[in-house]
Amino acid sequence: MPYPILNQVLDREGTRFHRVGDRWQPQDLIPDPYRRNLLLDAKERYELLKKAEDEFQTLERANLYVGILKRMYFTIRRAQFAWRVSDLDFIEAIAEFFTDYGTVLRNLKFDRRRGRLGDQEE
């Protein structure tokens with residue numbers, strides 16, 4: 001039995017496979033300006049949190065915050081490397097970064113409610 005549709009799919013996507021392991025790496029899922037903006041936004045958010053590293057060190061869960069910051073750094077690096085190679089890897093890295101960013105925000109809100117961030121109350 002011939003497989004015209006399946007062969008058509010493979011022919012269409014054939015140039016987007018990484019040679020080692022035949023891994024699909026599409027490069028046109030997200031337009032370039034959007035990728036660049038996502039990466040710049042992630043870097044800006046990371047840099048602001050990085051500036052607060054000394055403040056994180058004084059909190060009860062300092063190890064959690066510092067660990068997440070380290071992971072966020074490596075996630076941004078991974079996104080930078082994937083930016084021009086594979087949109088799927090880029091999307092995964094950006095999603096992981098923003099998930100970690102949300103975790104930091106959620107924990108900071110908890111710390112603020114418990115009075116750990118000074119006199120500020122919500």
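No lab work stands behind these numbers, since they all come straight from the coordinates. This structure is a prediction, so every number in the text was calculated from the model and none was measured.
Report the full-extension gain for the segment residue 110 to residue 51: residue separation times 0.36 nm, less the Cα-Cα distance, to one decimal in nm.
On the way: separation 59, 0.36 × 59 = 21.24 nm, distance 2.03 nm.
Full extension from residue 110 to residue 51 adds 19.2 nm.
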Extension length gain for residue 40 and residue 62 (0.36 nm per residue less Cα distance), in nm, is 5.3 nm
